[in-house]
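J.: My questions will all concern the structure given below.
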Amino acid sequence: MLRIVAQLVAVAATGLVLYILWFNLSNNLRRLGIRTDFEFLDQPIGVRIAGSDLSPGSSVRKALLNGVRNTLALAVVGLPLLTAIGVLVGVGRLSTNWLVAKVSSLFVETIRNLPPLLLIFFAFQAVVLRLPPARSPITPFGWLVISNLEIHVPGIASGARASTFHLIMLLTAVAGAALWWWRTRVEDRTGQPHHRWLWSLGLIAVVGTVSYVILDRPLTISLPTLEGRVVTGGFGGLGAFFAVLGALVLYTSSHVAEIVRGSIQAVSKGQTEAANALALSNTQRLRFVVLPQALRIALPPTINQYLNYVKNTSLAIAVGFADVTLIAYQAIGNGQPAPQTILILMGCYLMFSLVISAVVNLYSRRFRLVTR
Amino acid sequence: MATVTLPARPRTEAVLWIRKNLLSTPLNVLLTLLLGTAVGGAIIALVGFIADADFTILRVNLALFVVGGFPRDQLWRVATSLGLFGVMTGLVAGLVWSGAAARAREAGLPVPPRSSLRQIARRFWPVGLVVAVCLGLTQTLGPTISVVSALVLGVVANRIGQAVPHKWRRWMWLLALLLPIVAYLTLTMSGIGWDQWGGLQLNLFLTMAGIVFAFPLGILLALGRRSSLPAIKGISVAFIELVRGVPLITLLLLGVFALGFFLPLELRPSGVTRVLVAITLFESAYIAEVIRGGFQAVPPGQTEAAASLGLTAFQSTRSIVMPQALRATIPAMVGQFISLFKDTTLVAVVGFPDVLAGSGFANTQAAFNAQGLARITLPFVALIFWAGCYTMSREAKRLERRLGVGER
């Protein structure tokens, strides 16, 4: 009885708070003559968005979608990069090489104790903006074109038959996965060594090479080249994009490095000793004993860091990179209703968070330790 | 001619050490060479940069970085509150020690030694370094006098805290916790409300106020999330996950641009208040998760034992679970404090003059505009944050060891 009353009181109190907020909101918006619907999404955004071909006349909806795309670009490029750096530095802290260990801890202890926004400011104001002006870019090594407005790095260019090649590689990947599964079954049933890596990667490599030759180089590495003031080829982005990317990748990788180090150290010493007692080689010990357990420990906090990275990309607003937060900010500045705009903005980030958690949860289900 | 056989050259420890730690395998030789060159180059570049740099911009704008636009003729208020915080820190440290000593005496264990000056220097050198740098940049004697007197007051208060008789300790704790309120009143009594604060002072204020306001809410949310009542649990989980799923900046935008719409129009919260509401909401969700972690660290046997003693659910939570849970959360709370301290820089994005914004203001002054001086002001701000966060994170690790949290 008491339980039901307590719950009713809690629900009523929450409902009351929400009702008061909603009542004030609708009342105030009406009194101020602001619309309460989402019709404003079709109105023009009213500003030019750097690094896109949207005109100020494009709708708020289009601008927001463009912002989402830019946020996703930061995530897609940044997440693999920060994982790689984080793992390298984390393992580096445990290195037997004194210099490597010291430099790695210096990196971690410096970067993770600084505000990410400060790193972004530094990367933009003290690095990107001090590059040569856009009218006279520099081209180090011949495969970078760098100015304080845009940075171009080598990218992958698609040839005429790129889509055929993508399709073939996709099918081959599926076949490789099937082969992997089949070899695992073979080992389970007969006890013969599975050689999964050899079978499936071999298939992918053979099919990949053959079709690459037959299709006459469908993908090529394209270097950015400077012709007058126009840069062609390669992968180009605004300086602000690279500033945000670099600062946040470094910041988050310092946290990932700590996770990696902690998880390797958390695998108990007895495991290593047991592996040695079984006369496993160094590689075997790492591959079959330490790393699987460390990965299991590292996964949840690493997902958290991925989510933090995606949320931190919202700081791009500070250096004028047109991510979804900056677009929302500009829309509000141009007189679009703030409550709805911020609601949409928060919805976007909730969606990103949900998608990342969902993907990683699917993956981690396989690694979960079965406990009581 | 007799041949002289030279004795084998003695391998000094240094040589052995280098062989073992720098040159053990070919890969390590390569790594040592590459990194050594890079580190050497970086050190030379850094020394050259510091030798060449002109720090006038920091000298002129030191007050801007530390207190923002606080009226310059009222700076004695800041100095006084600094002294009060010195007293509080010293008193709390002293009381903690005398408490530990009293418990040790009761248990017949050796009394823990007082921290020596060297230990304190080793623990807090980054903060000392920043203070020294700042004082080195001052043009007047005022800041040095106030820092030194705050230190002296802190030491005196520390001695008082250590020597205080047992029956007065409770009152001394109360006094120590009242001091920040006195400091707040000192700062605001002249009509300089928190809206006119800026610089590092604003960052520190937002961090402390954010934690203090968010703490009760966080406890409620954590209790709610643990509750066996589905409705209460649902509400708590929904709030926590919603807030944790969005970046702080969106909540700040909500606070700055939309908070007014959710309140009666006559009630016009001031700028910093709006930010504080956003930070409190944001932080309460994170604190709730920290406290939930603390609850999970309390073995279920404790609740069962409490129940078998006939304690009610409320009594058991209040006097058995809560004290143990909160104790276990101390290191994680320090971690949360660090991350909020770093996050307070975000207020610069929505237009508040915190210490990071101070760098921008200084760089656009007529005398310093467009000279690329961000490469001097930003590292200065970075040094402040690094010292604070690095010291706190090491203290958190130390506490973790001493409390035995996370030991299996």
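Taken together, the values in this text are just the output of simple stated rules run on the coordinates, not laboratory data. As the structure is a computational prediction, the values presented were derived from the model and not from experiment. A quick note on method: Cβ atoms are made from the backbone with ideal geometry, for glycine too, and the neighbour counts reach across all protein chains shown.
J.: Which of B:284, B:81 has the fewest other C-beta atoms within 10 Å, and how do the rest follow up to the most? Walk me through the intermediate numbers first.
T.: Numbers: B:284 24, B:81 21.
Fewest-to-most ranking of B:284, B:81: B:81, B:284.
J.: What does the convex hull of the Cα atoms of the stretch A:199-353 come to per residue, in Å³, rounded to a whole number? Intermediate values should be presented prior to the final figure.
T.: On the way: hull volume 32.7 nm³, N = 155.
So the per-residue hull volume is 211 Å³.
J.: If you don't mind, there's one more thing I want to ask. Just to be sure I follow the definition: excluding the sites themselves, where is the longest run in chain B that has none of the GluC sites (Glu not before Pro) in a DSSP loop with at most 14 other Cβ atoms within 10 Å?
T.: B:1-265
J.: Which of the peptides A:104-115, A:87-98, A:28-39, B:226-237 is most tightly packed, and how do the rest follow, going by the mean number of other Cβ atoms within 10 Å of each residue? Please report the intermediate quantities before stating the final value.
T.: Details: A:104-115: 19.8, A:87-98: 18.2, A:28-39: 12.0, B:226-237: 16.7.
Result, highest mean Cβ count within 10 Å first: A:104-115, A:87-98, B:226-237, A:28-39.
J.: Something else: For a footprinting-style exposure proxy, rank A:196, A:130 by other Cβ within 10 Å, fewest first. Numbers along the way, then the final one.
T.: Working: A:196 17, A:130 12.
By the 10 Å Cβ count, ascending, the order reads A:130, A:196.
J.: How much length is gained if the chain between residue B:44 and residue B:220 is pulled fully straight, taking 0.36 nm per residue apart and subtracting their Cα-Cα distance, in nm to one decimal?
T.: Details: separation 176, 0.36 × 176 = 63.36 nm, distance 5.38 nm.
Here the answer is 58.0 nm.
J.: Using a Förster distance of 35 Å, how high is the FRET efficiency between residue A:271 and residue B:107, based on the Cβ-Cβ distance and rounded to 0.05?
T.: Efficiency, rounded to the nearest 0.05: 0.40.
J.: Around residue B:46, with a cut-off of 14 angstrom between Cβ atoms, what is the net charge of the other residues, counting Lys and Arg +1 and Asp and Glu -1?
T.: Neighbourhood net charge equals 0.
J.: Quote the Stokes-Einstein diffusion coefficient, in whole µm² s⁻¹, for the stretch A:279-372, based on the Kirkwood radius over alpha carbon pairs, a temperature of 10 °C and a viscosity of 1.306 mPa s.
T.: 97 µm²/s
J.: Hey, another quick one. Taking the simple approach of a point 7 Å from Cα along Cα-to-Cβ for both residue A:343 and residue A:20, what is their distance in nm?
T.: For residue A:343 paired with residue A:20, the spin-label model returns 2.1 nm.
J.: Run the simple label-point estimate for residue B:365 and residue A:177 please: 7 Å along Cα→C-beta, distance reported in nm.
T.: That separation, rounded to one decimal, is 6.1 nm.
J.: Taking neighbour Cβ counts within 10 Å as the exposure measure, how do A:22, A:180, B:197 sort from fewest upward?
T.: On the way: A:22 11, A:180 17, B:197 25.
So the ranking, lowest neighbour count to highest, is A:22, A:180, B:197.
J.: In the stretch B:196-408, if every C-alpha pair distance is counted and binned at 10 Å from zero, what percent goes to each bin?
T.: Result, from short to long distances: 8, 27, 30, 21, 10, 3, 1, 0 percent.
J.: Let me ask another. In whole Å and largest first, what semi-axes does the C-alpha gyration tensor of the protein assembly as shown yield when each eigenvalue is scaled by 5 and square-rooted? Don't jump to the answer; show the numbers that get you there.
T.: On the way: eigenvalues 373, 285, 235 Å².
Over the Cα atoms of the protein assembly as shown, the semi-axes work out to 43, 38, 34 Å.
J.: For the stretch A:67-115 and the stretch B:112-175, write down the distance between their C-alpha centroids in whole Å.
T.: The two parts, judged by their Cα centres, are 36 Å apart.
J.: Using helices alone, I'd like the mean residue ellipticity at 222 nm for chain A: each DSSP H run of four-plus residues gives -39500 (n - 2.57), total over residue count, nearest 500.
T.: Numbers: 11 runs with 230 residues, N = 372.
Rounded to the nearest 500, it is -21500 deg cm²/dmol.
J.: So if R0 is 60 Å, what FRET efficiency would residue A:212 and residue B:177 give, r being the distance between their Cβ atoms, rounded to the nearest 0.05? Intermediate values should be presented prior to the final figure.
T.: Values: r = 71 Å, r/R0 = 1.18.
Once the sixth-power term is evaluated, E becomes 0.25.
J.: Let me see the pair-distance distribution of the stretch A:50-142: every alpha carbon pair, 5 Å bin width, integer percents in order.
T.: Whole-percent P(r) values from 0 Å outward: 2, 10, 10, 13, 16, 18, 14, 8, 4, 3, 1, 0.
J.: Still on this structure, I have one more. Would you calculate the separation in nanometres between label points at residue B:327 and residue A:139, each defined as 7 Å from the Cα along the Cα-to-beta-carbon direction?
T.: 6.9 nm
J.: When each pair of different Cα atoms in the stretch B:71-191 is counted once in the 1/r mean, what is the Kirkwood radius in angstroms, to one decimal?
T.: Kirkwood hydrodynamic radius for the stretch B:71-191: 16.0 Å.
J.: Can you give me the C-alpha center-to-center distance between the stretch B:178-229 and the stretch A:299-348, rounded to a whole angstrom?
T.: Spelled out, the Cα-based centre of one part sits 26 Å from the other.
J.: Shifting gears a bit: Please report, largest first and rounded to whole Å, the three semi-axes of the ellipsoid equivalent to chain B, where each semi-axis is the square root of five times an eigenvalue of the C-alpha gyration tensor.
T.: The equivalent ellipsoid of chain B has semi-axes of 41, 34, 26 Å.
J.: So, one more: Would you work out the charge dipole size for the protein assembly as shown about its Cα centre, treating the Cβ of every Lys and Arg as +1 and the Cβ of every Asp and Glu as -1, and quote it to the nearest 20 debye?
T.: In debye, rounded to 20, the protein assembly as shown gives about 2160.
J.: Go through A:103, A:168, A:129 and say which Cα lies farthest out towards the positive end of the charge dipole of the stretch A:101-198; charges sit on Cβ, +1 for Lys and Arg, -1 for Asp and Glu.
T.: Positive-end residue among those listed: A:168.
J.: Based on DSSP H assignment, which helices of chain A show an axial Cα extent of at least 30 Å together with a mean Kyte-Doolittle hydropathy greater than or equal to -0.5?
T.: On the way: long enough: A:2-32 (44 Å, 1.12); A:60-93 (47 Å, 1.24); A:162-190 (41 Å, 0.39); A:239-266 (40 Å, 1.13); A:338-365 (40 Å, 1.38).
Result, helices passing both filters: A:2-32, A:60-93, A:162-190, A:239-266, A:338-365.
J.: Let me ask you something else. Shielding of A:117-129 by partners, i.e. mean partner chain Cβ atoms within 10 Å per residue?
T.: Working: counts 10, 13, 2, 0, 11, 8, 1, 1, 9, 8, 2, 0, 2.
For peptide A:117-129, the averaged partner shielding equals 5.
J.: Same structure, new question: Could you work out the Rg to Rh ratio of the stretch A:151-286, with Rh taken as the Kirkwood radius (inverse of the mean 1/r over all Cα pairs)? Walk me through the intermediate numbers first.
T.: Numbers: Rg = 22.6 Å, Rh = 20.0 Å.
Checking Rg against Rh, the ratio lands at 1.13.
J.: What's the extension gain from residue A:76 to residue A:13 if we count 0.36 nm per residue and subtract their Cα-Cα distance? Show your work: numbers first, answer last.
T.: Values: separation 63, 0.36 × 63 = 22.68 nm, distance 4.21 nm.
Result: 18.5 nm gained on full extension.
J.: Further question: Could you work out how much longer the chain between residue A:31 and residue A:5 gets when fully extended? Use 0.36 nm per residue separation minus the Cα distance between them, nm to one decimal.
T.: On the way: separation 26, 0.36 × 26 = 9.36 nm, distance 3.78 nm.
Contour length minus Cα-Cα distance gives 5.6 nm.
J.: Return the sequence-ordered ³J(HN,Hα) values of the stretch B:53-69 in whole Hz as given by the Karplus equation 6.51 cos²θ - 1.76 cosθ + 1.60 applied to θ = phi - 60°, using x for Gly and Pro.
T.: 5, 10, 8, 3, 4, 6, 4, 5, 9, 4, 5, 4, 5, 8, 10, x, x
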